[in-house]
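J.: The structure's right below; bear with me while I get my questions together.
The values are calculated or read from the model by the stated rules, or taken from the named source; none is laboratory data. Since we're looking at a predicted model, the values are computed, not measured. Because the Cβ atoms are built from the backbone with ideal geometry, glycine has one as well, and the counts that use them run over all protein chains shown.
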Ligand code: NAP
Ligand code: SF4
């Protein structure tokens, strides 16, 4: 019996049989915007070679008013169609299938041209939309249907009509964005008219032998969202209008509930998809926080869906499906749901890549070709930078020895995995361990690399990381003062805590110290209660009152900058960290000077005049004041005239994260 029998059961769609139950979900990578169509084709062809059953492209605009931003890609000209034909051809040559997502952004379009059912601005866009008249609505339907017909012409196997996440079609469905009184608004029947008509017209244009996926919002997670009865009625009508598959959408982009971040429990919303099973006869896909074949198999085995959608996991590892099929699941590079190199990049207009796999999106320019002259290479430091460098050097055929003075690999990743909501870091460290064990890298733990030990190597890579910055506060040597490393390694901490430094680690430590018992990320019911998510059959949109657990400690989080703490956290995840700490009653204070620490706590003042001197009463003070590079070995070697490559935190400690470390390690390895 194969390891994942449900995952590898073919899916018969009538005119086509998909070889497995895995869909690569839509991701906006910004690759199309480069106009480098070879690069776009290679991105998808790489994933097709990895064996995924069906892929969906990033959202393509049906017209200029529906684009996510001005100039968004779409199939507008014969040249566009020809460019896309190049992509679909390469995917088909690689044995894959690909559908194009048609995304009309509605009032989420970052454009003054944006249109919507009613002229109500979204909370996440500066542009008020124009309310469409009857002719305007007809134009949108026609443009979406035309886009589908052009997708067929461009060689796609199907389209996905984006009907969820609060975009255009979804906006017609709910009363808070649709205040119309004509046949497109008011009653539930009228509000559903547009998506149903769109699917009907798309099917009419593309014929029977073409996949039409409709992405349906199953739980809106916004006030006045759809009722469950409305969702089921819509699903049946969409099937009747000609859809071949229903894909699941969870939550609007403006929802204040995280839906894909790393702190969201795995398969957190599969139970919502399961509610729809049996209500329609076409296949249903579930999605959100499914990142291993084990989880995907369980979701299918439990009857939550007919197929599983994963998007970011295919950035982390394009060979996800092939490795699962070959019994090599432990070798799948895990998506840790951090958003740091994918979604955060998308919103900054950069190419989406992956923290774990810097080659994602860079397939045509970052390749690890066999070295012409294999060398003996020492890598010092088995944190993310050193691990990435060692594995990539090994892949290129070099003879690699990896040293670390610790008794385990992982470096700072071992601290991150202690933080509630960052449990996925365990998987990343385990994956590195698997890959190092499988490689020819010689791992030397508990070894202090000295210049003498490194003398016989052709190349030396220094990835010795960082050490905590000394903030030089009077009284910081007291027994009531700890560093973040002490805390995350389990040191005893009092009931009232002052956290000095509100960067990523200050936030992590505050979450760690306020959490009682196990993280809600490991307990779905607790997590749903904490964020206020309920069954959409009980409350419209699935919204309930949040019921956060009482904090384990009273924490004050401080920084010197006179601005809101957490401003520099990730674009798509910072708000989640801020909301989590607010729910735990953490007091955030900016603009302070640290005057001294004594037995009573931390004494601070405000501004350059050192005004308002006061005591932050605390039993424990935790220093999270950033890091400095650990370069003593590098400097010693350089002083002897040796040539070394310094990467990761040892190279630059400021704003270091695993993304930069892994990227730098991999890129260096590609050049040696
Ligand atoms: P960081 O983000 O640079 O924050 C350091 C904090 O220490 C700041 O709040 C800074 O604020 C304060 N500070 C700096 N010098 C100080 C001094 N001499 N005395 C007192 N306070 C001082 O560093 P980190 O928190 O250690 O994080 C390290 C890296 O890991 C960062 O790049 C971070 O983005 C990343 N990381 C990210 C996350 C996440 O996104 N969730 C989580 C963990 C780590 P003031 O100067 O205003 O006082
Ligand atoms: Fe997953 Fe993070 Fe990679 Fe994005 S950057 S694909 S969230 S591991």
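J.: Checking the conditions here, which among 368, 402 is more than 24 Å from the chain's Cα centre (by Cα), outside any loop (DSSP other than H, G, I, E, B) and more than 16 Å from ligand 2 (Cβ to nearest atom)?
T.: 402
J.: Would you tally the residues in the range 561-571 being within 15 Å of ligand 2 (Cβ to nearest atom) and either assigned to a helix (DSSP H, G or I) or under 11 Å from residue 507 (Cβ atoms) (or both)?
T.: 2
J.: Looking at 126, 117, which one is crowded, with 23+ Cβ neighbours inside 10 Å and over 30 Å from residue 83 (Cβ atoms)?
T.: Exactly one of 126, 117 is crowded, with 23+ Cβ neighbours inside 10 Å and over 30 Å from residue 83 (Cβ atoms), namely 117.
J.: Go through the range 248-297 residue by residue and tally those that are assigned to a helix (DSSP H, G or I), out of contact with any strand residue (DSSP E or B) (no Cβ under 8 Å at 6 or more places or on another chain) and surrounded by 19 or more Cβ atoms within 10 Å (Cβ to Cβ).
T.: Adding up the residues that qualify gives 2.
J.: From 66, 53, 95, grab the single residue that is more than 24 Å from residue 253 (Cβ to Cβ) and surrounded by 18 or more Cβ atoms within 10 Å (Cβ to Cβ).
T.: It is 53.
J.: Then there is this: Could you tell me how many of the residues in the range 479-531 are within 16 Å of ligand 2 (Cβ to nearest atom) and assigned to a loop (DSSP other than H, G, I, E, B)?
T.: 0
J.: Then there's this: Any chance the range 617-624 includes a residue that's more than 11 Å from ligand 1 (Cβ to nearest atom) and more than 29 Å from residue 521 (Cβ to Cβ)?
T.: yes
J.: Out of the range 251-270, which residues are touching a residue at least 40 places away in the same chain (Cβ under 8 Å) and more than 16 Å from ligand 2 (Cβ to nearest atom)?
T.: Across the range 251-270, the qualifying residues are 251, 252, 253, 254, 255, 256, 257, 269.
J.: Picking from 583, 611, 639, 670, which residue would you name as being free of Cβ contacts under 8 Å to residues at least 60 places away in the same chain, more than 16 Å from ligand 1 (Cβ to nearest atom), more than 20 Å from residue 469 (Cβ to Cβ) and surrounded by 16 or more Cβ atoms within 10 Å (Cβ to Cβ)?
T.: 583
J.: On to the next question. Checking residue 157 against (1) without any contact (Cβ under 8 Å) to a residue 60 or more places away in the chain; (2) closer than 20 Å to residue 209 by Cα, only one condition comes out false. Which one?
T.: Result: residue 157 fails condition (1) only.
J.: Which residues, counting only those in the range 324-333, are surrounded by 19 or more Cβ atoms within 10 Å (Cβ to Cβ) and either at pLDDT below 95 or part of a helix (DSSP H, G or I) (or both)?
T.: Across the range 324-333, the qualifying residues are 324, 325.
J.: Okay, moving on. Count, please, the residues in the range 151-189 that happen to be more than 20 Å from residue 131 (Cβ to Cβ) and part of a loop (DSSP other than H, G, I, E, B).
T.: Qualifying residue count, the range 151-189: 6.
J.: Within the range 43-101, how many residues are in a loop (DSSP other than H, G, I, E, B) and over 16 Å from residue 314 (Cβ atoms)?
T.: 17
J.: Would you be able to say whether some residue in the range 329-347 is out of contact with any helix residue (DSSP H, G or I) (no Cβ under 6 Å at 6 or more places or on another chain), within 16 Å of ligand 1 (Cβ to nearest atom), under 30 Å from residue 633 (Cα atoms) and touching a residue at least 24 places away in the same chain (Cβ under 8 Å)?
T.: No, the range 329-347 contains no residue that is out of contact with any helix residue (DSSP H, G or I) (no Cβ under 6 Å at 6 or more places or on another chain), within 16 Å of ligand 1 (Cβ to nearest atom), under 30 Å from residue 633 (Cα atoms) and touching a residue at least 24 places away in the same chain (Cβ under 8 Å).
Let's see how each residue does on (1) assigned by TED's automatic domain parsing to the domain that holds residue 488; (2) in contact with a strand residue (DSSP E or B) (Cβ under 7 Å, 6 or more places away or on another chain); (3) within 25 Å of residue 453 (Cβ to Cβ):
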{"site": "384", "(1), (2), (3)": "no, no, yes"}
{"site": "390", "(1), (2), (3)": "no, yes, yes"}
{"site": "393", "(1), (2), (3)": "no, yes, yes"}
{"site": "398", "(1), (2), (3)": "no, yes, yes"}
{"site": "402", "(1), (2), (3)": "no, yes, yes"}
{"site": "415", "(1), (2), (3)": "no, no, no"}
{"site": "435", "(1), (2), (3)": "no, no, yes"}
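J.: Another question about this same structure. Looking at (1) over 26 Å from residue 621 (Cβ atoms); (2) in contact with a helix residue (DSSP H, G or I) (Cβ under 9 Å, 6 or more places away or on another chain), which is the one condition that is false for residue 453?
T.: Unmet for residue 453, out of (1) over 26 Å from residue 621 (Cβ atoms); (2) in contact with a helix residue (DSSP H, G or I) (Cβ under 9 Å, 6 or more places away or on another chain): (2).
J.: Inside the range 547-561, can you point out the residues that are surrounded by fewer than 15 Cβ atoms within 10 Å (Cβ to Cβ) and over 30 Å from residue 471 (Cβ atoms)?
T.: Selection gives 547, 550.
J.: Turning to a different aspect of this structure: Of all residues in the range 355-377, count the ones that are crowded, with 24+ Cβ neighbours inside 10 Å, closer than 20 Å to residue 648 by Cβ and away from ligand 1 (no atom under 16 Å from the Cβ).
T.: Summing the residues that are crowded, with 24+ Cβ neighbours inside 10 Å, closer than 20 Å to residue 648 by Cβ and away from ligand 1 (no atom under 16 Å from the Cβ) in the range 355-377 gives 2.
Per-residue answers, yes or no, for (1) in contact with a helix residue (DSSP H, G or I) (Cβ under 6 Å, 6 or more places away or on another chain); (2) surrounded by 15 or more Cβ atoms within 10 Å (Cβ to Cβ); (3) touching a residue at least 40 places away in the same chain (Cβ under 8 Å):
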site	(1), (2), (3)
468	no, yes, yes
471	no, no, yes
474	no, no, yes
480	no, yes, yes
488	yes, yes, yes
492	no, no, no
497	yes, yes, yes
502	no, yes, yes
509	yes, yes, yes
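J.: Any idea which residue in the range 305-315 is nearest to residue 12 (Cα to Cα), counting only those that are more than 13 Å from ligand 2 (Cβ to nearest atom) and crowded, with 23+ Cβ neighbours inside 10 Å?
T.: In this case the residue turns out to be 307.
J.: Could you list, in sequence order, all residues of the range 336-354 that are near ligand 2 (Cβ under 8 Å from one of its atoms) and either within 19 Å of residue 649 (Cα to Cα) or assigned to a loop (DSSP other than H, G, I, E, B) (or both)?
T.: Result: 336, 337, 338, 339, 340, 341, 342, 352, 353, 354.
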